[in-house]
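The values are calculated or read from the model by the stated rules, or taken from the named source; none is laboratory data. In this text, all values refer to a predicted model and were calculated from it rather than measured experimentally. For neighbour counting, all protein chains shown are included, and Cβ atoms are generated from backbone atoms with ideal geometry for every residue, glycine included. The area values use the complete protein model at the heavy-atom level, side chains included, leaving out ligands, DNA and RNA. Shrake-Rupley method; radii C 1.70, N 1.55, O 1.52, S 1.80 Å.
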Amino acid sequence: MIEANSLASILVQCAELIVLGALLALLIRLFCFRHNEQVISTPRVSAMWALFAIGMGWILVIVLLLALTGHAPTNSQGAAQWPLVGPGDVAAQLILAIISVGPILFVMHRRREYPASAGISAQNLWRSLAVSALIISAAGVWYCFVNRRSGAGASCHASGLWALMQLAIVGFTEEFAYRGYLQTRLIGWLGSYQGWILASVLMAMAHVGHRVGIEGMAAGEALLSAAALIPISLFLGFVMLRTQNIVAPGLLHMFVNWLDI
């Protein structure tokens with residue numbers, strides 16, 4: 001995800017996301033999205049089970065990563081570097097994704113909760129694809145405009161395509177877990193905006209463990225780094241709130257991560 005190193009960069013990021021949010025709201029109106037309330041029986045209990053399932057998946061992934069890799073490679077300044085990505089990395093990410101969503105799928109199966117209750121549905125599918133393409137295009141044009149003199153993105157290599165596949169797995173896994181699954185249930189329990197905000201904050205804070213255990217950050221630094229993800233997390237949660245389909249937030253999550261590397 002995008003990380004901000006200063007208050008100024010966070011404010012710029014927030015301004016950009018507000019503009020994209022306004023564009024999203026306009027596109028939602030233009031494409032006539034359908035909004036059907038997801039009826040979840042015993043929403044409070046379902047939300048508690050969702051928190052448990054996501055927590056279990058998070059713990060399993062962190063423990064496995066620590067056991068296999070320890071700390072991520074760092075540069076001379078101590079910041080984590082994104083290594084060259086190949087087919088093996090994509091396969092490994094897929095395995096991690098299966099492990100992380102395993103408890104969620106188990107709970108959904110045991111509680112007889114259907115995929116549509118977690119944003120996996122044909123509802124608004126083509127509309128979500130169209131809106132995602134337009135927002136990604138607008139964000140991409142803005143990114144190129146801002147970085148036109150810095151040469152950013154000039155050194156694209158084949159590893160970037162594998163990275164895109166890897167980040168697609170990351171994006172859709174996290175959006176399914178935190179947006180389609182958790183946010184939907186928190187909304188059923190707490191209300192639309194309360195559930196959206198809580199799910200967004202929890203998703204951002206879930207990165208603290210990775211920052212400390214895998215990237216080797218100090219606790220305070222990891223907390224600030226994770227907190228800097230709250231604006232983009234809120235934006236992606238807003239996308240889910242308006243589209244009611246994980247396709248749009250999943251694609252946008254993938255795109256944001258890809259720009260970051």
* Asked: So what's the net charge close to F33: Lys and Arg +1, Asp and Glu -1, counting the other residues with Cβ under 13 Å from its Cβ?
  -> +4
* **Largest-first ordering by accessible area, 1.4 Å probe, given options E16, E174, E221** => E221, E16, E174
* Could you give the dipole magnitude of the chain about its Cα centre, charging the beta-carbon of Lys and Arg +1 and that of Asp and Glu -1, in debye to the nearest 20? -> 660
* What list of ³J(HN,Hα) couplings, whole Hz, do you get for region 186-200 from phi and the Karplus terms 6.51, -1.76, 1.60, once you set θ to phi - 60° and write x for glycine and proline? -> 5, 5, x, 8, 9, x, 4, 6, 5, x, 4, 5, 5, 4, 5
* Got the relative contact order for the chain handy, in percent, Cα pairs under 8 Å and 6 or more residues apart? -> 34
* Phi to ³J(HN,Hα) by Karplus 6.51 cos²θ - 1.76 cosθ + 1.60 over region 248-259, Hz, x for Gly, Pro -> 5, x, x, 5, 5, 4, 4, 5, 4, 4, 5, 4
* When the helix-only estimate is applied to the chain (DSSP H runs of n ≥ 4, each -39,500 (n - 2.57), divided by the residue count), what is the mean residue ellipticity at 222 nm, nearest 500 deg cm²/dmol? -> -22500 deg cm²/dmol
* Out of residues 5 or more away from G216 or on other chains, whose amide H comes under 5 Å of its own, with H placed 1.01 Å from N in the peptide plane? -> A72
